[in-house]
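Notes follow the structure.
What follows draws every value from the coordinates through simple rules; no lab data is involved. Bear in mind the structure is a predicted one, so any value in this text is a computation, not a measurement. FYI the Cβ positions are ideal-geometry reconstructions off the backbone, even for glycines, and counts take in every protein chain you see.
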Amino acid sequence: MSSPQIEIQIIAAVVAVACAIPGVFLVLRKMALISDAISHSILPGIVLGFFITQDLNSPLLIILAALSGVITVVLVERIQKTGLVKEDTAIGLVFPALFSIGVILIAKNANDVHLDVDAVLLGELAFAPFDRLIMSGVDMGPKSLWIMGVILLITITLLLLFFKELKVSTFDIGLSSALGFSPVVLHYGLMTISSITVVGAFEAVGAILVVALMIAPAATAYLLTSELKRMLFLSIFFGIFSAISGYWLAHWLDASIAGSISTMLGFVFLLVYLFAPSKGLISVMYRQKQQRTEVSLLTFLLHLNNHTEEEERHINHLREHINWQKIRANTVVDLALKNNMISVEKELVSLTEKGKNFTETALDYIITNKDEKIEHLKEDFFLFRG
Amino acid sequence: MNQKIAIQVDDLTVAYNYKPVLWDIDLIVPEGVLMAIVGPNGAGKSTLIKSILGIIDPIAGSVTIYDKPYAKQRKLVAYVPQKGSVDWDFPTTAIDVVMMGTYGSLGWIKRPGAKEKKASLEALEKVGMLAFKNRQISQLSGGQQQRVFLARALVQNASIYFMDEPFQGVDATTEIAIINILKELRKAGKTVVVVHHDLQTVPEYFDWVTFLNVKKIATGPVKDIFNDDNLTKTYGINYKVAVSK
């Protein structure tokens, strides 16, 4: 690996982590689309900042752009508060308007400035190592790494300081307010840091792909954990993993780095969506199948419980009587036998003691819907996991 | 009556988009009562609680908790919002939700530690949910979720408890468990204010009641004012409720 290659991977990883952290809270607050709005509407801020400073990495440009991000959020909320349109419509109204102001500003001054819409939308990570920070003649490394590094440091510091406050205001806005943790302050804090992150990241990965870096790792982590801290760590991990593997995918395909990183993000999400242990598609389908079998089992046990007559309990009669296909009937009988709930003697099926108890507990649960009674059954049966 | 005044509301008016939802409310809640707020849908019951707690800004009027504004008395007050007001798919566990109740006394930045954890476990035990402490909250039944919310209020160790429809969507066992805890709180001298829907249970559960329908209709002891006259005034139709004396 050459040193620009290493630098590009480090920048990509730092951008990924800086985006993943606010992304978790945006996803949990159901505000994923706001990141899309911010990433576009910072354009006029960037253009104005660039006119003033002639430097894409100037702090003033970052502040102006972040400001236009926050203005977007304020405008969206204002329009939404009128009650005339819903939030998604408000977002759809605001960001194209701001974005187009940026586009017009660029077009009007295209001859004077070195800034084009393509670069803003898609970014170019491959060029990042060429723009270096030189301090009194010493090469300190790529400028964008410094910018994103500082933004990441601020993000992590704020997260460590205000984790508790962000958690409570995201989960329960009413309690947060009643306890004195102003949801408004926390909301705008999060929006500001998201805007700053987007501004810092847009040069590297572009305004469109920065949305993927914010939302995809959080959405993926959400499928895997039921704890906020773990969700943050997993998001960071998925962000870094996609950044590095995306870089090598681009290397291999000789394609856009940002595009490859996003592809990896999508791929990782797809894998987790399919294979996640409890929320994944395959696991959900398996569970539904199990539940169907268990409902059949319960029906079967109830039938046995209700009938003492021999003819009702004959194994062949059962098949006809409950009117199931042979395979399903066999699965159910096997399942009941395996769990020692029935015994078969001379082709007559009867409930065992365990089977009787189980049937009665299950009945009791279905009638009273009391959860405590079936706690110990939850391990064995999907049916009772709600 | 020489009881202390726990909550005093003066001339409170709240409006959404210039339409008043609470109009000129005067209300005095004495210390140590278990009070129901009753009224039809849209009467402003939740709004009244939320404006007492500073969650909604009123357009006029004032609220005091033990003679001081709410912002200075936060630590004396615990709040249980409507169960439906939060996202139960949020990645967190029962114990973690209860710990949120300790955040208020911690203030900004400071993290909960061993002491807060211990208090939270005790609160979970009190509501019979200790066995579920590490359960993800979406895996709890409606009644269990409500108990976790109650534990979160208990851990605040407050003097005044506000609860917004704590019996909504819970089974009979949980309802009895909750009301017993509320009665225990009253016995310990706490003041409890509950937005309540089931008129039949008012005389059995509560000793104080406020009738609300945008305006305040009446407030006082259940045995004096919980009658057909006030019910009719509040709900607008002829109400006949068997009141056990």
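Quick notes on this one:
- Amide H to amide H distances under 5 Å link residue B:218 with B:211, where only residues 5 or more positions off or on other chains count and H is placed in the peptide plane.
- Distance between the C-alpha centres of region A:214-282 and region A:75-104: 30 Å, rounded to the whole angstrom.
- Taking the number of Cβ atoms within 10 Å of each Cβ as an exposure proxy, the fewest-first ranking of A:192, B:210 is A:192, B:210.
- Set of region B:1-33 residues, backbone N closer than 20 Å to the point 7 Å along the Cα-Cβ line of residue B:223: B:1-4, B:29-33
- Relative to the 2.2 N^0.38 Å rule of thumb, region A:1-55 has a C-alpha radius of gyration ratio of 1.53.
- Shielding by partners - mean other protein chain Cβ count within 10 Å, residues of A:164-174: 6
- Cut-off 17 Å (backbone N to label point 7 Å along Cα→Cβ of residue A:52), residues of region A:154-184: none
- Over region A:3-245, the hull volume per residue, using the convex hull of the C-alpha atoms, is 131 Å³.
- Calculated FRET efficiency for the pair residue B:118/residue A:286, C-beta based, R₀ 35 Å, to 0.05: 0.30
- Per-residue mean of foreign Cβ neighbours for A:216-227 is 2 (Cβ atoms of other chains, 10 Å radius).
- log₁₀ of I(q)/I(0) at q = 0.08, 0.11 Å⁻¹ - the protein assembly as shown, Debye sum with one point per alpha carbon: -0.77, -1.12
- Across peptide B:97-110, the average count of Cβ atoms from other chains found within 10 Å of a residue's Cβ is 4.
- For the protein assembly as shown, the dipole from Cβ point charges (+1 on Lys and Arg, -1 on Asp and Glu) about the Cα centre works out to 1240 debye, to the nearest 20.
- Remark: the Cα gyration tensor places region A:65-207 in the oblate category, a/c being 1.5 or greater and a/b not exceeding b/c.
- Excluding same-chain neighbours fewer than eight residues apart, the aspartates and glutamates reachable from residue B:4 by a Cα-Cα span under 12 Å are B:31, B:67.
- By the beta-carbon count within 10 Å of each Cβ, the least crowded to most crowded order of A:15, B:63, fewest first, is B:63, A:15.
- Spherically averaged projected area of the convex hull of Cα atoms, region A:1-131: 9.1 nm².
- Its convex hull of Cα atoms gives region B:135-245 a direction-averaged projected area, equal to a quarter of the hull surface, of 8.1 nm².
- Within chain B, longest stretch free of exposed chymotrypsin sites (Phe, Trp or Tyr not before Pro) [DSSP loop, at most 13 other beta carbons within 10 Å]: B:109-245
- 23 Å Cα-Cα reach of residue B:45 towards lysines, excluding residues that sit fewer than 8 places from it in its own chain: A:81, B:19, B:68, B:75, B:83, B:183, B:190, B:215, B:216, B:223, B:233, B:240
- Whole-number D in µm²/s for region A:253-308 (Stokes-Einstein; Kirkwood sum over Cα pairs; 10 °C, 1.306 mPa s): 109
- In terms of other Cβ atoms within 10 Å, B:74, A:29 run from fewest to most in the order A:29, B:74.
- Relative contact order of chain A, pairs being alpha-carbon contacts under 8 Å that are 6 or more residues apart, as %: 18
- Long pairs among A:30/A:108; A:164/B:133; A:229/B:118, criterion Cα-Cα beyond 30 Å: A:30/A:108
- Whole-Hz Karplus values for region B:7-15 come out as 10, 10, 10, 10, 6, 6, 10, 10, 9 Hz, taken residue by residue from phi with 6.51 cos²θ - 1.76 cosθ + 1.60 and θ = phi - 60°; glycine and proline positions read x.
- Computed over the Cα atoms of chain B, the ratio of the radius of gyration to the Kirkwood radius (Rg/Rh) comes to 0.96.
- The coefficient of translational diffusion for region B:1-99, derived via Stokes-Einstein from the alpha carbon Kirkwood radius under 25 °C and 0.890 mPa s, stands at 161 µm²/s.
- Within chain B, helix-based [θ] at 222 nm, where runs of 4 or more DSSP H residues each add -39,500 (n - 2.57), nearest 500: -8500 deg cm²/dmol
- Distance between region B:1-80 and region B:175-238 - C-alpha centres, whole angstrom: 15
- Mean residue ellipticity (222 nm) of chain A, computed from DSSP H runs ≥ 4 via -39,500 (n - 2.57), nearest 500: -25000 deg cm²/dmol
- Using R0 = 35 Å, the C-beta based FRET efficiency linking residue A:274 and residue A:331 works out to 0.85.
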